[in-house]
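One structure is given here, and the rest of the page talks about it.
The values are calculated or read from the model by the stated rules, or taken from the named source; none is laboratory data. All values derive from a computational prediction rather than experimental measurement. Note that we place each Cβ from the backbone using ideal geometry, even for glycine, and neighbour counts take in every protein chain shown. Remember, those area values only see protein heavy atoms, side chains included, never the ligands or the DNA or RNA. Shrake-Rupley method; radii C 1.70, N 1.55, O 1.52, S 1.80 Å.
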Amino acid sequence: MRYFIELSYNGKNYHGWQNQPNAISVQEVIEKSLSTLLRSTTAIVGAGRTDAGVHAKQMYAHFDTDISFDPSEITYKLNSFLPKDVAIQHIHPVHADAHARFDATGRTYEYWIVSKKNPFHNQSAHTVFKQLNVAIMNEAAKELFNYDDFKCFSKTHTDVKTYICKIEKAVWEQKNELLVFTIRADRFLRNMVRAIVGTLLEVGLGKLSIAEFKQIIESRDRNKAGTSVPGKALYLTEVTYPTETFTTNG
């Protein structure tokens, strides 16, 4: 049987989602706990890879097992095994060829910014003390819809075969003390959201014009884009799948 795990985590103490040879990852702690519970080495495959320090309000992963179990009971037990910064929401039985990564049709991220020192967001948001022109940042963000090649925002020396992504939403909104950037696409490149945010901040600070922002995208050159903002303020908030993904064969 194949199962999907729906989970969330605070990424502060982890070197990203994916297993690392010399650093702790979210994937590693879940695999160890799940393998202990099922009494069998169990690997999981995530919907994507989040970088060091990045959080997930919703993430999915899948695993295979021949062991019969009650999903709600295993969910409860798995949460008791896991550290406090990782939480399992649900475990869903799915059809045998369902894939947490390849079946995902959309992913949504938020990036949080505060404009002054805030002890309650010290570890969860990025502080920008200078005045930002949010209106011009939103105008620049709309330009993302006119392109599909985002090599300029991708981490260099990655193993991706294509830099093509379809961005469906990109907007800045003030939510109480937080300035939140929400972006949704069918897929994202490594470091892409943090590089987009860093470049849009330069627009908001008056260091780049919208025309120059467009030129950066067209250049396909990571060196021309802005500095990547810190991972601590980035949140994977939603991963979407076709309805049939959660339909079992029997």
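5 Å is the cut-off here: which amide hydrogens, built 1.01 Å from N in the peptide plane, fall below it relative to Gln89, excluding neighbours closer than 5 in sequence?
Glu6, Leu7, Ser8
Taking every pair of alpha-carbon atoms in the range 78-120, give the share separated by more than 12 Å as a whole percent.
Numbers: 706 of 903 pairs.
Cα-Cα pairs of the range 78-120 separated by over 12 Å account for 78 percent.
Got a sec to turn the phi values of the range 202-207 into Karplus ³J(HN,Hα) couplings, 6.51 cos²θ - 1.76 cosθ + 1.60 with θ = phi - 60°, whole Hz, x for Gly and Pro?
5, 5, x, 8, x, 7
First measure r as the distance between the Cβ atoms of Asp221 and His90, then evaluate 1/(1 + (r/R0)^6) with R0 = 45 Å and state the FRET efficiency to the nearest 0.05. Intermediate values should be presented prior to the final figure.
On the way: r = 42 Å, r/R0 = 0.94.
In this case the efficiency is close to 0.60.
How about the range 133-182: which trypsin sites (Lys or Arg not before Pro) there lie in a loop by DSSP and see at most 13 other Cβ atoms within 10 Å? Provide the component values of the computation, followed by the final result.
Numbers: sites: Lys142, Lys151, Lys155, Lys161, Lys166, Lys169, Lys175; in loops: Lys155, Lys161, Lys166.
Sites meeting the loop and neighbour criteria: Lys161, Lys166.
Enumerate the amide H contacts of Asp221 below 5 Å, restricted to partners 5 or more residues apart or on another chain; note that Pro and chain-start residues carry no placed amide H.
Correct list: Cys152.
Carbon and sulfur atoms: what percent of the 1.4 Å accessible area of the chain do they account for? Don't skip to the end; give the middle numbers.
Values: 6090 of 12790 Å².
Here it works out to 48 percent.
Choose one answer from Asn22, Asn223, Asn138: the residue with the largest mean-square fluctuation in a GNM of the chain with alpha-carbon springs under 10 Å.
Of Asn22, Asn223, Asn138, the Gaussian network model singles out Asn22 as fluctuating most.
Apply the Debye scattering formula to the range 91-165, with a single equal point scatterer on each alpha-carbon and no solvent, then give log10 I(q)/I(0) at q = 0.13 Å⁻¹.
Relative scattering, expressed as log10 I(q)/I(0), comes to -0.74.
Once the other residues with Cβ under 9 Å from the Cβ of Ala195 are scored (Lys, Arg +1; Asp, Glu -1), what is the net sum? Walk me through the intermediate numbers first.
On the way: positive: Lys155, Arg194, Arg222; negative: none.
Result for the neighbourhood of Ala195: +3.
For the range 144-237, what are Rg and Dmax over the alpha carbons, in angstrom?
Computed over the Cα atoms of the range 144-237, radius of gyration and Dmax are 12.8, 40 Å.
Considering amide H positions built from the backbone, and no H for Pro or chain starts, which residues 5 or more places from Val54, or on another chain, come under 5 Å of its amide H?
Under 5 Å from the amide H of Val54: Gly16.
GNM, the chain, Cα, under 10 Å: largest mean-square fluctuation among Ser115, Ser80, Ser68?
In the Gaussian network model the winner is Ser68.
Just to be sure I understand the curve: with the Debye formula and one point per C-alpha of the range 126-192, what is log10 I(q)/I(0) at q = 0.21, 0.23 Å⁻¹?
-0.96, -1.05
What are the extents of the Cα atoms of the chain along their three principal axes, in Å, largest first?
Dimensions of the chain along the principal axes of its Cα atoms: 59, 40, 34 Å.
Can you work out D for the range 121-161 in µm² s⁻¹ from Stokes-Einstein, where Rh is the Kirkwood radius over C-alpha pairs, the temperature is 4 °C and the viscosity is 1.567 mPa s? Numbers along the way, then the final one.
Values: Rh = 13.6 Å.
Translational D for this selection: 95 µm²/s.
Calculate, for Val128 and Ile164, the FRET efficiency according to 1/(1 + (r/R0)^6) with r their C-beta to C-beta distance and R0 41 Å; round to the nearest 0.05.
Working: r = 30 Å, r/R0 = 0.74.
It comes out at approximately 0.85.
Would you please report the Å³ per residue occupied by the convex hull of the alpha carbon atoms in the range 1-126? Provide the component values of the computation, followed by the final result.
On the way: hull volume 14.1 nm³, N = 126.
Expressed per residue, the convex hull around the Cα atoms of the range 1-126 is 112 Å³.
What 222 nm value per residue comes from the helices of the chain, counting each DSSP H run with n ≥ 4 as -39,500 (n - 2.57) and dividing by all residues, nearest 500 deg cm²/dmol? List each step's numbers first, then the result.
Working: 5 runs with 56 residues, N = 250.
My calculation for the chain gives -7000 deg cm²/dmol from helical runs alone.
Hey, with R₀ at 30 Å, roughly what FRET efficiency would Asp70 and Asp97 work out to, going by the Cβ-Cβ distance, to 0.05?
Details: r = 24 Å, r/R0 = 0.79.
Efficiency computed from Cβ-Cβ geometry: 0.80.
Using θ = phi - 60° and the Karplus form 6.51 cos²θ - 1.76 cosθ + 1.60, what ³J(HN,Hα) does each residue of the range 165-171 get, whole Hz, x for Gly and Pro?
9, 10, 8, 9, 8, 7, 8
With N set to the number of residues, divide the alpha-carbon radius of gyration of the range 48-121 by 2.2 N^0.38 Å and report two decimals.
Values: Rg = 16.3 Å, N = 74, 2.2 N^0.38 = 11.3 Å.
In units of the globular-protein estimate, the range 48-121 measures up at 1.44.
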